[in-house]
Amino acid sequence: MTPDIQEREILLLALQAGQILLENGAEIFRVEETVYRICRHYGLHTASVFVLSNGIFLTSGDEKEPEFAKVLFIPVNHANLSRVAEVNQLSRQIEAGAYTLSEARKELDRIQSMPELPYRFQILASGISAACFCYMFKGAWQDSVCSFFIGILLYLYILYVGPHFSKMVRNILGSAWIMLLSIFFFKMQLGLHLESMMIGGIIIMVPGVAFTNGIRDMADEDYIAGSVRMLDAILVFFCIALGAGFTLAVYQELTGGMLLW
C-alpha cells in the first residue's frame with residue numbers, strides 16, 4: 001500500500017468511526033476526539049474535523065501529506081448506545097496498538113452492521129418501562145398493568161405504523177394514541193388514575209438522549225450542534241403535547257366538558 005493510499009484509508013477509517021458515533025447519539029466532542037485519536041495513532045497529524053449534529057467535515061494535508069477532504073451528511077437518527085460503547089472501546093484498543101488498519105476496518109464494519117434488538121424485546125421493554133414510570137408517578141398497580149399494555153400498543157404503532165409518516169405527524173399521532181388508550185382503560189375502570197397511565201406511556205416517546213446531548217454540546221461550546229439537537233427535541237415535546245392535548249380537548253367537548261379525573 002502506497003503512503004497516499006494508506007493515509008486515505010486512515011482518514012476513511014476515522015470518518016467511519018465518527019459516522020457510527022454521530023448517527024447513534026454520541027456527543028459532538030466524543031466524535032471529534034475519536035477521529036483525532038485514530039488519525040494520530042496511525043501517524044496522520046494534519047487531519048482536521050468539524051462535526052455538526054447531522055454532518056462531519058474532514059480534511060487533511062500540507063506540504064508533507066496529500067490533501068484530502070470529505071463531507072458526510074448524517075441524518076438525525078435514534079440512539080443506539082451499544083454501538084457508541086463499542087466504538088469507544090475500539091478507539092482505545094487502537095491507541096493501545098491492538099489493531100492494524102485492516103483489522104480496525106473489519107471491526108468497524110462489524111459494529112456498523114450490529115443488528116437491533118428483536119422487535120419482541122423492544123415491545124416488551126416498552127411495556128415494562130411504561131408500567132414502571134406509571135408506578136413512579138404515583139399510579140396504582142392497576143394503572144401500571146394498564147400502562148404495560150399501553151406501552152406495548154404504543155411500540156407496535158412506532159414499529160409498524162409510525163415509519164409511514166413524517167417525524168412530526170408520527171409524534172402527534174403517537175401521543176394521541178396514548179391518550180385514547182388511557183381514556184379507554186380509565187372509562188372501563190381498569191385503571192384508577194388517568195394522568196399516571198398517560199405519563200407512563202408518553203414518557204417513552206420523550207427524546208431524553210437528544211435533549212441531554214444538546215445541553216452537553218452547548219456546555220462544550222458546540223452551539224450550532226447543541227441548538228439543532230435542542231430544537232429537534234423541543235419540536236418532539238411540542239408534537240407530543242399537541243397530540244395529547246387535542247385528543248383530550250376533543251373528548252371533553254364530545255362528553256360535554258366533563259372532567260376525566
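Restricting region 37-58 to residues that are out of contact with any helix residue (DSSP H, G or I) (no Cβ under 7 Å at 6 or more places or on another chain) and modelled with pLDDT of 85 or more leaves a set whose member that is nearest to Glu221 (Cα to Cα) is Phe50. Only one entry in Arg216, Arg229 is open to solvent by less than 50 Å² (accessible area, probe 1.4 Å), of a type outside the set (Gly, Ala, Ser) and within 18 Å of the chain's Cα centre (by Cα), namely Arg229. Scanning region 137-169 for residues that are open to solvent by 70 Å² or more (accessible area, probe 1.4 Å) and within 26 Å of Phe246 (Cβ to Cβ) yields Phe137, Lys138, Phe149, Tyr160, Pro163, His164, Phe165, Lys167, Met168. Summed over region 8-60, residues that are open to solvent by 10 Å² or more (accessible area, probe 1.4 Å), touching a Ser or Thr at 6+ places or on another chain (Cβ under 7 Å) and not small (Gly, Ala, Ser) total 3. Select, from Ala131, Ala176, the only residue that is within 20 Å of Phe238 (Cα to Cα), open to solvent by 10 Å² or more (accessible area, probe 1.4 Å), in contact (Cβ under 8 Å) with a residue 24 or more places away in the chain and in a helix (DSSP H, G or I). Unique residue meeting the criteria: Ala176.
Would you confirm, using the coordinates I've provided, whether Glu63 is in a helix (DSSP H, G or I), at pLDDT below 90 and open to solvent by 10 Å² or more (accessible area, probe 1.4 Å)?
So Glu63 fails the test.
What pairs come up if the first residue lies in region 134-149 and is farther than 15 Å from Ile202 by Cβ, the second is among the hydrophobic types (A, V, I, L, M, F, W, C) and not in a helix (DSSP H, G or I), and their beta carbons are under 7 Å apart, counting only those six or more places apart or on different chains? These pairs meet every condition: Ala140/Leu192; Gln142/Leu190; Gln142/Leu192.
The values are calculated or read from the model by the stated rules, or taken from the named source; none is laboratory data. Computed from a predicted structure; not experimentally measured. With ideal geometry, Cβ positions are generated from the backbone for all residues, glycine too; neighbour counts draw on all protein chains shown. Note: areas computed on protein heavy atoms with side chains; ligands, DNA, RNA excluded. Shrake-Rupley method; radii C 1.70, N 1.55, O 1.52, S 1.80 Å.
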